[in-house]
1. Within segment 164-200, can you find the residues that are assigned to a strand (DSSP E or B) and aliphatic (A, V, I, L, M)?
2. List pairs: first residue in segment 236-255 and acidic (Asp, Glu), second residue surrounded by fewer than 22 Cβ atoms within 10 Å (Cβ to Cβ) anywhere in the structure, Cβ distance under 8 angstrom, at least six positions apart or on different chains.
3. Which of the residues belonging to segment 159-199 are under 21 Å from Gly125 (Cα atoms) and at pLDDT below 95?
4. Just checking, which of Ala27, Ala66, Ala42, Ala50 is surrounded by fewer than 19 Cβ atoms within 10 Å (Cβ to Cβ), closer than 21 Å to Glu140 by Cβ, of a type in the set (A, V, I, L, M, F, W, C) and modelled with pLDDT under 95?
5. So which residues in segment 84-114 are under 22 Å from Val52 (Cα atoms), in contact with a strand residue (DSSP E or B) (Cβ under 9 Å, 6 or more places away or on another chain) and not polar (S, T, N, Q), if there are any at all?
6. Given (1) without any contact (Cβ under 8 Å) to a residue 60 or more places away in the chain; (2) part of a loop (DSSP other than H, G, I, E, B), where does Glu203 come up short, assuming only one miss?
Amino acid sequence: MTRLRGSWTAAAAVTMLLLSACAQQTAAGAPSTAPSPDASSAPPAGADDALVLRVSSAGGFVPPSAIVGRLPQTSVYADGRVIFEGPVPAVYPGPALPNVQWGTISPATLQQLIDKAVAAGVKQGTDFGQPGVADAPTTEVTVQTAAGKQTAAAVALREARPDDPQLTKAQQQARAKLSTFIDELSELTAKLTTSAPEGYQPEILAAIVQPYTEPEGQPGRPLTMDWPGPALPGEKLSPNLELTCVAVTGAQLDAVLGAAKNATANTPWVWASKSWSVQLRPLLPEETGCTDLKAAR
């Protein structure tokens with residue numbers, strides 16, 4: 001389980017707010033509201049890792065490794081943590097590590113996000129239609145409410161024209177409302193990035209592995225680097241794909257993170273005299289290993 005250092009007081013305030021809004025949704029447990037909790041009110045393991053809101057993508061015309069290693073755009077947790085993808089430099093090849101950042105929001109802001117998500121159509125029954133766009137990803141939004149987990153999925157939300165003729169007026173309006181909510185969430189993360197940027201430090205790093213092949217159109221072979229993590233190639237992610245995975249923790253995690261600072265997305269990593277392409281994917285608080293990536297779509 002991946003954790004970030006934070007204030008128990010903030011975690012307690014947000015969780016109690018969720019309890020009042022979410023009635024009996026207490027399966028994950030609730031921290032105490034007291035600034036210095038005693039043993040009887042100490043939060044159970046994982047209470048601060050309860051996922052409240054997430055925006056992510058699924059599918060699309062991208063390589064299998066990109067689908068497996070894709071990070072959610074934004075994840076919001078019960079203790080007020082917001083984990084999101086930060087700005088990426090416009091260079092090729094890109095850095096080996098994604099720019100994952102995090103910040104915290106107040107209980108009031110968290111409740112506003114929940115309310116706005118539901119108002120934007122994140123609930124069962126909302127019809128976003130099927131626009132006339134091929135091979136586009138599906139934007140998925142989930143939110144935990146008093147009625148339980150609510151979801152919304154809109155195909156080609158960003159790629160389709162707002163007035164796509166294959167969409168009804170009601171579907172166009174539903175997609176516009178969902179887009180507006182996601183834009184507001186993006187503005188929030190942008191403020192977190194500019195006001196107090198914090199790099200996300202995972203406790204577990206997934207390495208998605210495949211045999212190295214020379215990228216097309218690249219002038220010369222990139223410099224190789226010795227792989228300082230667990231033995232490659234690791235466990236199979238899918239019987240139909242030549243993708244494997246290893247989970248990196250402890251001292252090896254520090255070594256891989258250090259080496260990745262001098263690597264790119266195209267760096268050949270050498271293990272046991274063989275070269276491998278390795279995509280580094282920080283695991284999020286509720287993720288525990290490579291198994292969590294097998295369900296990626």
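1. Selection gives nothing.
2. Correct list of pairs: Glu242/Gln210; Glu242/Pro211.
3. Pro162, the sole residue that qualifies.
4. Being surrounded by fewer than 19 Cβ atoms within 10 Å (Cβ to Cβ), closer than 21 Å to Glu140 by Cβ, of a type in the set (A, V, I, L, M, F, W, C) and modelled with pLDDT under 95 holds for just one of Ala27, Ala66, Ala42, Ala50, which is Ala66.
5. Scanning segment 84-114 gives Phe84, Glu85, Gly86, Val100, Trp102, Gly103, Ile105, Leu110, Leu113, Ile114.
6. Result: Glu203 fails condition (1) only.
The values are calculated or read from the model by the stated rules, or taken from the named source; none is laboratory data. It should be emphasised that the depicted structure is a prediction, and the values quoted were computed from it without experimental measurement. So basically every Cβ, Gly included, is an ideal-geometry build from the backbone, and we count neighbours across all protein chains shown.
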